Amino acid sequence: MLQIANNLVKNYIYKMKDNPYIEKIKDHKYINQDISALQEYKGRWNEYFGNKNPLRLEIGTGLGNFFSWEVSKFEDRNFIGMEIKFKRCYVTAEKTIQKWGQNFLIIREFAQQINRFIWDNELEQTYIFFPDPWPKARHHRRRMVQPGFLSEVAGRTDRGGEFCFRSDDRPYYDWTVECLNEHAEWQVDEYAPW
């Protein structure tokens, strides 16, 4: 089993060699790939951004349409976007800059790593839009929304904060609502604009 995992990592690294976005994001002002360098800001994001604005997080920015719009619309908020794909990180950052956004950072990392750089009660809102639904029952364990992950996000979210979720996959949406209803820290608002 371990040998299979090692081969997958090697194949992934091999495929990424010729990706032009690896170099484009390397020294980008608004993109960070070294999560260990960000750990010093855990609990002190106001120092990183140079203000005391509330912090919002989007997990899986995609090509940055929503993210760039939110950043430009809410200059009185700070934003962190998480995305794992090189091109999406770059496009999101550039799109956000074009809309005059400066109050943001893109972190190239998996969502499950938020505990490494976000402290308790630091988030005002978390957005997850249209994540992979993993529709086959045997793959449900790979879904991002799981009770443990919801606990992580709840612990990082300030009282009164929001977890905003959208999916175009009805079974995954129902799964998420069920997980949220069963979670002690979250309350589903059926009338929310999300």
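Identify, by number, the condition in (1) touching a residue at least 24 places away in the same chain (Cβ under 8 Å); (2) among the small types (G, A, S); (3) on the phi > 0 side of the Ramachandran plot that G81 doesn't meet.
Unmet condition: (3).
When you scan segment 181-193, do you find a residue that is open to solvent by less than 30 Å² (accessible area, probe 1.4 Å) and within 17 Å of the chain's Cα centre (by Cα), even just one?
No.
So which residues in segment 36-81 are open to solvent by less than 50 Å² (accessible area, probe 1.4 Å), farther than 22 Å from D158 by Cα and of a type in the set (A, V, I, L, M)?
Once the filter is applied, which keeps residues that are open to solvent by less than 50 Å² (accessible area, probe 1.4 Å), farther than 22 Å from D158 by Cα and of a type in the set (A, V, I, L, M), segment 36-81 yields only A37.
Tell me which residues, restricted to segment 147-166, are within 15 Å of P133 (Cβ to Cβ) and surrounded by 19 or more Cβ atoms within 10 Å (Cβ to Cβ).
Once the filter is applied, which keeps residues that are within 15 Å of P133 (Cβ to Cβ) and surrounded by 19 or more Cβ atoms within 10 Å (Cβ to Cβ), segment 147-166 yields only F165.
So, K85, is that one out of contact with any helix residue (DSSP H, G or I) (no Cβ under 6 Å at 6 or more places or on another chain) and closer than 20 Å to R143 by Cβ or not?
So K85 fits the description; yes.
With segment 54-164 as the region, which strands (runs of 3 or more DSSP E) entirely inside it contain at least 1 residues that are in contact with a Pro (Cβ under 6 Å, 6 or more places away or on another chain)?
123-129
Checking the condition modelled with pLDDT of 95 or more, more than 30 Å from D169 (Cα to Cα) and not polar (S, T, N, Q), which residue from Y30, Y127 passes?
Criteria check complete, one pass: Y30.
Please count how many residues of segment 52-69 are touching a residue at least 40 places away in the same chain (Cβ under 8 Å) and farther than 17 Å from I114 by Cβ.
Of the residues in that region, 3 qualify.
Consider R142 against the criteria (1) within 15 Å of A111 (Cα to Cα); (2) open to solvent by 30 Å² or more (accessible area, probe 1.4 Å); (3) within 15 Å of the chain's Cα centre (by Cα): it satisfies all of them except one. Which criterion is unmet?
Tallying (1) within 15 Å of A111 (Cα to Cα); (2) open to solvent by 30 Å² or more (accessible area, probe 1.4 Å); (3) within 15 Å of the chain's Cα centre (by Cα), R142 fails exactly one: (3).
Can you find a residue that is open to solvent by less than 40 Å² (accessible area, probe 1.4 Å), in contact with a helix residue (DSSP H, G or I) (Cβ under 9 Å, 6 or more places away or on another chain), of a type in the set (G, A, S) and modelled with pLDDT of 95 or more anywhere in segment 97-112?
no
The values are calculated or read from the model by the stated rules, or taken from the named source; none is laboratory data. Please read all numbers here as calculations on a predicted model, not as lab measurements. All Cβ positions, glycine included, derive from the backbone under ideal geometry; neighbour counts span all protein chains shown. What goes into the accessible areas is simple: the full protein's heavy atoms, side chains included, and nothing from ligands, DNA or RNA. Shrake-Rupley method; radii C 1.70, N 1.55, O 1.52, S 1.80 Å.
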